[in-house]
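Peer 1: Below are the structure tokens for one structure; questions will follow.
The values are calculated or read from the model by the stated rules, or taken from the named source; none is laboratory data. Bear in mind that the values here come from a model prediction, so they are computed numbers and not experimental data. Cβ sites come from the backbone with ideal geometry, for glycine too, and all protein chains shown count toward neighbours.
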Amino acid sequence: MKNNLIPAIRLTLVCLVFFCGLYTLAVWAVAQLSPGQGKGLVITENGKNYHFNVGQSFTSDQYFWSRPSAVAYDAAASGGSNYGPTNPDHLAEVQQRINHFLEHNPSIDKSEIPSELVTASGSGLDPHISVQAALVQVKRIARARGLTENSLLQLVEKHTEKPLLGLFGTERINVLKLNLGLDKL
């Protein structure tokens, strides 16, 4: 028994020192080298701080809408609804979102709505939408703000993030940055 107990205690102490001390220190040091020093990525506009790597709620017709969130964009409660794709509650919620979107975007056909605008993400905090999700909202925003659609299309193009190294991922748009750019027009 002594032959097994002593190595187990040693291994426990080594793991305790490594994972509670050295590993934590290493993660902290890497975070200090990153943008924001591990405190998140922040944009300051008009005296307000925004975390642009966390989804924000935009509901006014004058703004591009974000992807719906099952956790009301609360970063402390990140998570999805855990509803399956055939769950009646989930289907009713998606239909309600479709109806709401069509009500505010009457020139859009139901088949043109990207699924990301009516379904919540797994984290509930996605800060990005696809280019298509931004483009289907252009007419509504142009009408609400009295802007030309062409100026909004240029803004969307300006804020489109290309795939990493041109290979990894898809084109996407950070909704917060896009809406802050929209306010500057």
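Peer 1: Being buried (at least 16 other Cβ atoms within 10 Å of the Cβ) and not β-branched (Val, Ile, Thr) narrows it down to one of LEU164, LEU152, so name that one.
Peer 2: Checking each option against the conditions leaves just LEU152.
Peer 1: Listed residues PHE64, PHE101, PHE52, PHE58; which is free of Cβ contacts under 8 Å to residues at least 60 places away in the same chain, in the same structural domain as PRO163 (by TED's automatic domain parsing) and aromatic (Phe, Trp, Tyr)?
Peer 2: Selected residue: PHE101, the only one of PHE64, PHE101, PHE52, PHE58 that is free of Cβ contacts under 8 Å to residues at least 60 places away in the same chain, in the same structural domain as PRO163 (by TED's automatic domain parsing) and aromatic (Phe, Trp, Tyr).
Peer 1: For the range 131-146, check the following and say yes or no: at least one residue is touching a Gly at 6+ places or on another chain (Cβ under 7 Å) and in the same structural domain as PHE64 (by TED's automatic domain parsing).
Peer 2: No: the range 131-146 contains no residue that is touching a Gly at 6+ places or on another chain (Cβ under 7 Å) and in the same structural domain as PHE64 (by TED's automatic domain parsing).
Peer 1: A further question on this structure: Being small (Gly, Ala, Ser), out of contact with any His (no Cβ under 7 Å at 6 or more places or on another chain) and farther than 30 Å from ALA142 by Cα: is that true of GLY40 here?
Peer 2: no
Peer 1: Please pick out the residue among HIS100, HIS90 that is touching a Phe, Trp or Tyr at 6+ places or on another chain (Cβ under 9 Å) and farther than 16 Å from VAL175 by Cα.
Peer 2: Checking each option against the conditions leaves just HIS90.
Peer 1: Where residues in the range 108-126 are assigned to a helix (DSSP H, G or I) and acidic (Asp, Glu), which of them is nearest to ASN53 (Cα to Cα)?
Peer 2: GLU116
Peer 1: Do we find that ILE6 is at pLDDT 85 or above and more than 28 Å from LYS184 (Cβ to Cβ) in this structure?
Peer 2: Considered against the rule, which asks whether it is at pLDDT 85 or above and more than 28 Å from LYS184 (Cβ to Cβ), ILE6 comes out as yes.
Peer 1: Tally the residues that are among the aliphatic types (A, V, I, L, M), farther than 22 Å from ALA134 by Cβ and touching a residue at least 24 places away in the same chain (Cβ under 8 Å), restricting the search to the range 78-98.
Peer 2: 0
Peer 1: Of everything in the range 145-185 that's part of a loop (DSSP other than H, G, I, E, B) and under 22 Å from GLN62 (Cβ atoms), which residue is modelled with the lowest pLDDT?
Peer 2: LEU185
Peer 1: So if I check each of LEU165, LEU135, LEU176, LEU147, which one is among the hydrophobic types (A, V, I, L, M, F, W, C) and in contact with a Pro (Cβ under 7 Å, 6 or more places away or on another chain)?
Peer 2: The match here is LEU176.
Peer 1: Can you confirm whether ALA29 is aliphatic (A, V, I, L, M), exposed (fewer than 10 other Cβ atoms within 10 Å of the Cβ), at pLDDT below 90 and on the phi < 0 side of the Ramachandran plot?
Peer 2: Judged against the criteria, ALA29 is not a match.
Residues checked against (1) at pLDDT below 90; (2) assigned to a loop (DSSP other than H, G, I, E, B); (3) surrounded by 12 or more Cβ atoms within 10 Å (Cβ to Cβ); (4) on the phi > 0 side of the Ramachandran plot:
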position	(1), (2), (3), (4)
PHE58	yes, yes, yes, no
PHE64	no, yes, yes, no
SER69	yes, yes, yes, no
TYR73	yes, yes, yes, yes
ALA76	yes, no, no, no
ASN82	yes, yes, no, yes
PRO85	yes, yes, no, no
ALA92	no, no, no, no
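Peer 1: Which condition does ARG140 not pass, out of (1) crowded, with 19+ Cβ neighbours inside 10 Å; (2) over 21 Å from the mean Cα position of the chain (by Cα); (3) not in a helix (DSSP H, G or I), if it passes all the others?
Peer 2: It fails just one condition, (3).
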